[in-house]
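Below is one structure; the comments refer to it alone.
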Amino acid sequence: MKSLLLIVFSLFSFSVLGQTKPYLSLADAERVYESAAAKAKAEGWNVVIAILDDGGHPILLKKMDGVQIGSVEVALAKAKSAVFFKRPTKVFEDAMKAEGGSRIATLPNAVGVEGGLPIFKDGVIIGSIGVSGVTSAQDGIIALAGVEGF
């Protein structure tokens, strides 16, 4: 039994430690956040910024002073939508404005409000950013600054 556990652990360690797929580290997420926050502060916009990994799990979330608490869930939802669908949430916002676009609202985890962007590295999605607190266009500007800082 002991040798079986050792083999299983060895296989698990090899697959995790031998990971070659790019991923979003905490240091990367902090760099994305700092770039986004710098843009928000420069414009005088207080927001919530959420950074998720490629599975839609939070790596970093910060709420600036004075932001409504509802923006916490909205920032997370925008980031989740961007990572799950591998596209900016602005795509869904634009689609909802088109004829027949209301069906977008029926898609699970699709958020039709600008401010969520996927983060890619070497052509592979590694996470996302979601911003909420000001207008959707302003949220999008902040999110873009974060991605560009990466």
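Remarks
- Per the conditions (1) of a type outside the set (Asp, Glu); (2) under 19 Å from residue 145 (Cα atoms); (3) buried (at least 22 other Cβ atoms within 10 Å of the Cβ), the sole criterion not satisfied by residue 92 is (2).
- You will find that of 119, 142, 125, the residue that is under 16 Å from residue 23 (Cα atoms) and crowded, with 21+ Cβ neighbours inside 10 Å is 119 and no other.
- Residue match in the range 92-104 (condition: out of contact with any His (no Cβ under 7 Å at 6 or more places or on another chain), of a type in the set (Val, Ile, Thr) and over 21 Å from residue 69 (Cβ atoms)): yes
- Residue match in the range 70-79 (condition: more than 9 Å from the chain's Cα centre (by Cα) and within 16 Å of residue 117 (Cβ to Cβ)): yes
- For residue 125, the test of being in contact with a Leu (Cβ under 8 Å, 6 or more places away or on another chain) and within 18 Å of residue 59 (Cα to Cα) is failed.
- Any hit, the range 54-65, residues being closer than 20 Å to residue 136 by Cβ and within 12 Å of the chain's Cα centre (by Cα): yes
- In the set 73, 43, 99, only one residue is free of Cβ contacts under 8 Å to residues at least 12 places away in the same chain, under 22 Å from residue 29 (Cβ atoms) and surrounded by fewer than 21 Cβ atoms within 10 Å (Cβ to Cβ); that residue is 73.
None of the figures in this text is laboratory data; all of them are computed from the coordinates on show. It should be emphasised that the depicted structure is a prediction, and the values quoted were computed from it without experimental measurement. Quick reminder, even Gly has a Cβ in these numbers, built from the backbone with ideal geometry, and neighbours come from all protein chains shown.
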